[in-house]
2 protein chains.
Amino acid sequence: MTEHSLWRFSRALHHALQERQTDQLEAVLDDNIDWAIYGPIDMFAFFGARHGKRPVIEVVRQITDVVRLHRFDRESLLLGEDSAASLMRYSLTSAGAGTPISVRVAQFAQFEGGRLTSLRAVIDTFDLVEQTLGREIHLPKIA
Amino acid sequence: MTEHSLWRFSRALHHALQERQTDQLEAVLDDNIDWAIYGPIDMFAFFGARHGKRPVIEVVRQITDVVRLHRFDRESLLLGEDSAASLMRYSLTSAGAGTPISVRVAQFAQFEGGRLTSLRAVIDTFDLVEQTLGREIHLPKIA
């Protein structure tokens, strides 16, 4: 039984985030990949949409400039024939001060011929912003 | 072919969010449902974890007190035998001022005997907070 394409992509992504090596990732990304991580681009320029392999590799390098991946837990997983959805929990540290950051990320991936053609990632970004700032943002109670 | 459990839950949830009727939802939730929508509970008390049908119905009622669902788009979908992952885009209006709010939600659902036993939802919460406040929160540029 052939290994699902998710695992090769997952190994390549985590290798990039742990070792700052993007060579495996380059081999897994489709040339016309459609990519988006939703979040505040004012704080982190690597959020937002990208099209094509070079811009995506650049995004991953920008992420590795800021955080280092320590461990990940896959809390939910669904595999389709050429698609996958994962609920991940990443334990990171900031590259500068070494501050621990824990973030939950929902990932929706599509593959063609073993290569990643689409990725959508949703993050609990308010929590991420507060952890990055190292302080709480005061919010009014709405409900 | 039997309909996937997701569709009955999805209809019941959207009926609740559009019509403020939770009777269909009550019939779809497992008594011991494990539920979590990750987000800032200081602003919205309906965020966070709940266990059991009554607390979940209460959460949904709290949501319907604050927003009304206008439309939804399912941007990604994966179905397992007794599970589902969806990337949804909801168009809401605040129940008070009628302010339009657009929010992307990643949902991971598990079912047993046609009933929802687990739901995990991840939202781009920083964007949701800014839309709710009606103004931008200034962020330092980190990367």
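Quick rundown of the values:
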item: Count of residues meeting criterion [among the aliphatic types (A, V, I, L, M), at the interface with chain A (Cβ under 7 Å from one of its Cβ atoms) and open to solvent by 20 Å² or more (accessible area, probe 1.4 Å)] in region B:124-143; result: 3
item: Options B:39, B:52: the member that is at pLDDT 95 or above, closer than 23 Å to residue A:125 by Cβ and small (Gly, Ala, Ser); result: B:39
item: Filter result (hydrophobic (A, V, I, L, M, F, W, C), surrounded by fewer than 16 Cβ atoms within 10 Å (Cβ to Cβ) and in a loop (DSSP other than H, G, I, E, B)) within region B:19-45; result: B:41, B:45
item: Residue list for region B:109-118, restricted to those being open to solvent by 10 Å² or more (accessible area, probe 1.4 Å) and either assigned to a strand (DSSP E or B) or within 11 Å of another protein chain (Cβ to nearest Cβ) (or both); result: B:110, B:112, B:115, B:117, B:118
item: So residue A:50, is it of a type in the set (Lys, Arg), surrounded by 16 or more Cβ atoms within 10 Å (Cβ to Cβ) and more than 11 Å from every other protein chain (Cβ to nearest Cβ); result: yes
item: Selected residue (only one of A:121, A:85, A:106, A:97 is more than 8 Å from every other protein chain (Cβ to nearest Cβ) and within 21 Å of residue A:4 (Cα to Cα)); result: A:121
item: Those residues of region A:55-70 which are modelled with pLDDT of 95 or more and open to solvent by 20 Å² or more (accessible area, probe 1.4 Å), in sequence order; result: A:55, A:58, A:61, A:62, A:63
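The values are calculated or read from the model by the stated rules, or taken from the named source; none is laboratory data. Keep in mind the model is a prediction, meaning the values are calculated, not measured. Neighbour counts run over all protein chains shown; Cβ positions are idealised from the backbone, glycine included. In case anyone asks, the SASA skips ligands and DNA or RNA and just uses the protein heavy atoms, side chains included. Shrake-Rupley method; radii C 1.70, N 1.55, O 1.52, S 1.80 Å.
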